[in-house]
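Engineer: What follows is a structure written as structure tokens; I'll ask about it next.
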Amino acid sequence: MKGSFAICAVTLAQVLVIVPDMPAQDKQALHLIQTIPMPNVKGRIDHMDVDLESKRLFIAAVENGSMEVVDLTAGKWVRTIPGFKTPTEMCYVRELNKIFVASRDDGMVRVFRSNSLELIDSIKLELGANRIVYDPARKYVYVGYGAKLAGFDYGRVGIIDARSDKLLGDMIVEAHPSQILLDNAAHRILVAVWEVGKIDVFDAIDHQMLLTWTTGGQSGDMALDHAHHRLFTATRTAPQMMIVYDSDSGQEVARLPDELVANVPSAIGIRTGYFFAKRDRFYVAVPAKGNEPAQVWTYEAED
């Protein structure tokens, strides 16, 4: 199961970017300190979220059709919750004691009581339910869905009242939403639609589109710097780089080449991770391979 991932940094922002198979250097920024087996979990593993108070990690086991729960304090897997068709991402909402889980191939968002993990509600959308985020200011959950998988030539961002678990309406985009970010300071919602090379910006109050900007065909994972009004996109295609946009206007302001910091030994098949800043821990989900079970690997960040 051996493999590696590289940690890259750019000089103008404190951003970590995971990219595969780059030349190694000597410095080790992360140290593997623990492996947590997850028995009977098969296939690809996708996104994660964390309950910071009870220190539980929630993991979308996509091809296993389950959500896995890991106790980070005890360092052990504690539960599997089956019954999903391709779970892709979950959103833990502490203030409402809920977990919202998007399931792509049945178009559902299932709602669990977070302390007991009891299923309390199900919200039917259309096929393609994937990216999901919570807006604490308005108590809304936004979830991307629709487009080709649902037989539509457009995508949707569903607006769910997180208190009542009711779908209130949709924001329409040209294709499937690839990522959804909240800019709460500016009361805006940024929706990446990489299939058409655009980022759409919506008003977070009335959900009307404010502007859209093109990305020149580049796509990747995004992060917002709210204080400096910058949107960072780590590209997935070669040459890998960090593209920086003015998040107010959509104007590109910089393209920064990746600078290799370290090449960390890992495992084949790793796709996603979660950095727990309060504990200086980085968690990655490792799929099962051969006789080796699926695992969560825990890395300690170097000071």
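The values are calculated or read from the model by the stated rules, or taken from the named source; none is laboratory data. Since the structure is predicted, the reported quantities are computational estimates derived from the model, not experimental observations. No Cβ is skipped: glycine too gets one built from the backbone with ideal geometry, and neighbour counts run over all protein chains shown. The protein model used for the area step is the full one, side chains on, heavy atoms only, and it has no ligands, DNA or RNA in it. Shrake-Rupley method; radii C 1.70, N 1.55, O 1.52, S 1.80 Å.
Engineer: Taking Gly83 as meeting all but one of (1) outside any strand (DSSP E or B); (2) under 20 Å from the mean Cα position of the chain (by Cα), write down the number of the exception.
Structural biologist: Every listed condition holds for Gly83 apart from (2).
Engineer: Among the residues in the range 179-187, are any open to solvent by less than 30 Å² (accessible area, probe 1.4 Å), under 22 Å from Tyr245 (Cβ atoms) and more than 19 Å from the chain's Cα centre (by Cα)?
Structural biologist: Looking for residues that are open to solvent by less than 30 Å² (accessible area, probe 1.4 Å), under 22 Å from Tyr245 (Cβ atoms) and more than 19 Å from the chain's Cα centre (by Cα), one finds none in the range 179-187, hence no.
Engineer: Keeping to the range 44-75, report how many residues are closer than 18 Å to Asn130 by Cα and either exposed (fewer than 14 other Cβ atoms within 10 Å of the Cβ) or not charged (D, E, K, R) (or both).
Structural biologist: Count: 13.
Engineer: Continuing with the same structure: How many residues does the range 87-116 hold that are within 15 Å of the chain's Cα centre (by Cα) and not hydrophobic (A, V, I, L, M, F, W, C)?
Structural biologist: Number satisfying all stated conditions: 6.
Engineer: Related question: Select from the range 256-274 the residues that are loosely packed, with under 15 Cβ neighbours inside 10 Å and under 24 Å from Arg230 (Cβ atoms) and list them in ascending order.
Structural biologist: Passing the criteria: Pro257, Glu259.
Engineer: Could you give me the residue pairs with C-beta distances under 7 Å whose first residue belongs to the range 278-303 and is over 17 Å from Ala29 (Cα atoms), whose second residue is of a type in the set (Gly, Ala, Ser) and surrounded by fewer than 18 Cβ atoms within 10 Å (Cβ to Cβ) wherever it lies, and which are 6+ apart or on separate chains?
Structural biologist: Val286/Gly269; Pro287/Gly43; Pro287/Gly269; Lys289/Gly269
Engineer: Could you list all residues from the range 129-144 that are surrounded by 17 or more Cβ atoms within 10 Å (Cβ to Cβ) and touching a helix residue (DSSP H, G or I) at 6+ places or on another chain (Cβ under 8 Å)?
Structural biologist: Residues satisfying the conditions are Ala129, Asn130.
Engineer: Taking the condition hydroxyl-bearing (Ser, Thr, Tyr), farther than 30 Å from Ile199 by Cβ and touching a residue at least 40 places away in the same chain (Cβ under 8 Å), does Thr88 pass?
Structural biologist: So Thr88 fails the test.
Engineer: Any idea which of Arg188, Arg131 is of a type outside the set (Phe, Trp, Tyr) and in contact with a Gly (Cβ under 7 Å, 6 or more places away or on another chain)?
Structural biologist: Arg131 is the lone residue from the list that is of a type outside the set (Phe, Trp, Tyr) and in contact with a Gly (Cβ under 7 Å, 6 or more places away or on another chain).
Engineer: Select from the range 105-122 the residues that are closer than 20 Å to Ala147 by Cβ and either hydroxyl-bearing (Ser, Thr, Tyr) or open to solvent by less than 10 Å² (accessible area, probe 1.4 Å) (or both) and list them in ascending order.
Structural biologist: Selection gives Gly107, Val109.
Engineer: Name the single residue that is nearest to Glu68 (Cα to Cα) among those in the range 84-104 being open to solvent by 50 Å² or more (accessible area, probe 1.4 Å) and in contact with a Ser or Thr (Cβ under 8 Å, 6 or more places away or on another chain).
Structural biologist: Looking at residues that are open to solvent by 50 Å² or more (accessible area, probe 1.4 Å) and in contact with a Ser or Thr (Cβ under 8 Å, 6 or more places away or on another chain), I get Lys85.
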